[in-house]
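A.B. asks: I'd like to ask you about the structure that follows.
The values are calculated or read from the model by the stated rules, or taken from the named source; none is laboratory data. It should be emphasised that the depicted structure is a prediction, and the values quoted were computed from it without experimental measurement. Here the Cβ is made from the backbone with ideal geometry for all residues, glycine too, and neighbour counts use every protein chain on show. Ligands, DNA and RNA are excluded from the accessible area calculation, which covers all protein heavy atoms including side chains. Shrake-Rupley method; radii C 1.70, N 1.55, O 1.52, S 1.80 Å.
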Amino acid sequence: MSDLFWLTDAQMARLEPFFPKSHGKPRVDDRRVLSGIIFINRNGLRWRDAPAAYGPHKTLYNRWKRWSDKGIFARMMAGLAAEHGETKTVMIDATYLKAHRTATSMGGQKGGRGRLIGRTKGGMNTKLHAICDSQGRPLNLFVTAGQVSDYIGARALLSSVPDVDWLLGDRGYDADWFREALKDKGIRACIPGRRQRKKAVKYDKRRYKRRNRIEIMFGRLKDWRRVATRYDRCPKVFLSAIALAATVIYWL
């Protein structure tokens, strides 16, 4: 089939340093299996519907689940993103990802803490928090239940903010503690103030317009159907799907 996805030699060369070592029997062809995993995630297919060109669907699923549990796909993105070289501007934002009934079925901890799925006005969701560079390439990702505040994501991502001059964010990140934390790191905040503030917050409106790049990034990630709709019960596996999409779209 001409419309199937296949990793190139150059892409495989960039990914191979992050592959776990094979113990005992050699692994099945990495290019074929990883290309099949990417195809399934991008098109939102069931594993049993994988094209025959990628081999047995159980082989694809087993590799996907095993490497997801080990955090291999997340390390791929983190390792490649570490070469970003950004020194000027980063952006922070969050978006909702719809949870399918297969991800919300069966009992979980109250409040969605176990599966990181929560109820919002739009239904059952997971929230993706992200930091990206000035080109809109994701540098770090963090998932929470849908009803969790943006402040929680900001606190979790704060330590991973690179040494840059500016951080852009919307009103959801207007908090004195966050501004002070950025100031301590030598980063200037370009964040509009909340309307209920008694004293208006000044910010660079022209620079703030560049924040649309992180919105575009979320849109491109959601083009992958297994990212836009969460089918996986395990949050670690779902984060692997997001990291894999980010790796293929932006870092290969």
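A.B. asks: Please go through (1) open to solvent by 30 Å² or more (accessible area, probe 1.4 Å); (2) modelled with pLDDT of 95 or more; (3) among the charged types (D, E, K, R) for residue 93 and return the number of the only condition it doesn't satisfy.
C.D. replies: (1)
A.B. asks: Let me ask you something else. Quickly run through region 138-167 and pick out the residues that are among the aliphatic types (A, V, I, L, M) and outside any loop (DSSP other than H, G, I, E, B).
C.D. replies: Answer for region 138-167, where residues must be among the aliphatic types (A, V, I, L, M) and outside any loop (DSSP other than H, G, I, E, B): 139, 141, 143, 145, 152, 154, 156, 157, 158, 167.
A.B. asks: Filter region 125-150 for residues that are charged (D, E, K, R), closer than 21 Å to residue 83 by Cα and open to solvent by less than 30 Å² (accessible area, probe 1.4 Å) and give the result.
C.D. replies: Scanning region 125-150 gives a single hit, 133.
A.B. asks: Before we move on, is residue 153 on the phi < 0 side of the Ramachandran plot, over 17 Å from the mean Cα position of the chain (by Cα) and open to solvent by less than 30 Å² (accessible area, probe 1.4 Å)?
C.D. replies: Taking the combined requirement at face value, the residue does not satisfy it.
Conditions tested, residue by residue: (1) closer than 23 Å to residue 75 by Cβ; (2) in contact with an Asp or Glu (Cβ under 9 Å, 6 or more places away or on another chain).
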| residue | (1), (2) |
| --- | --- |
| 159 | yes, no |
| 162 | yes, yes |
| 179 | no, no |
| 229 | no, no |
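A.B. asks: In this structure, does residue 22 turn out to be open to solvent by 90 Å² or more (accessible area, probe 1.4 Å), among the hydroxyl-bearing types (Ser, Thr, Tyr) and at pLDDT below 95? Break it down stepwise before answering.
C.D. replies: Working: open to solvent by 90 Å² or more (accessible area, probe 1.4 Å): no; among the hydroxyl-bearing types (Ser, Thr, Tyr): yes; at pLDDT below 95: yes.
Considered against the rule, which asks whether it is open to solvent by 90 Å² or more (accessible area, probe 1.4 Å), among the hydroxyl-bearing types (Ser, Thr, Tyr) and at pLDDT below 95, residue 22 comes out as no.
A.B. asks: So if I check each of 33, 28, which one is of a type in the set (A, V, I, L, M) and either open to solvent by 30 Å² or more (accessible area, probe 1.4 Å) or modelled with pLDDT under 95 (or both)?
C.D. replies: Numbers: 33 fails: either open to solvent by 30 Å² or more (accessible area, probe 1.4 Å) or modelled with pLDDT under 95 (or both).
Step by step, each of 33, 28 is checked, and only 28 is of a type in the set (A, V, I, L, M) and either open to solvent by 30 Å² or more (accessible area, probe 1.4 Å) or modelled with pLDDT under 95 (or both).
A.B. asks: Would you pick out the residues in region 59-95 that are farther than 21 Å from residue 222 by Cα and either among the polar types (S, T, N, Q) or without any contact (Cβ under 8 Å) to a residue 24 or more places away in the chain (or both)?
C.D. replies: 59, 61, 62, 66, 82, 83, 85, 87, 89
A.B. asks: A further question follows. Just to be sure I understand, how many residues within region 38-95 are closer than 28 Å to residue 130 by Cα, part of a loop (DSSP other than H, G, I, E, B) and in contact with a helix residue (DSSP H, G or I) (Cβ under 7 Å, 6 or more places away or on another chain)?
C.D. replies: 1
A.B. asks: Assess whether residue 85 counts as being open to solvent by less than 50 Å² (accessible area, probe 1.4 Å) and under 21 Å from the mean Cα position of the chain (by Cα). So that I can check it myself, show each step before the final result.
C.D. replies: Working: open to solvent by less than 50 Å² (accessible area, probe 1.4 Å): no; under 21 Å from the mean Cα position of the chain (by Cα): yes.
In short, no.
A.B. asks: Is it the case that region 167-176 has a residue that's open to solvent by 50 Å² or more (accessible area, probe 1.4 Å) and over 30 Å from residue 105 (Cβ atoms)?
C.D. replies: yes
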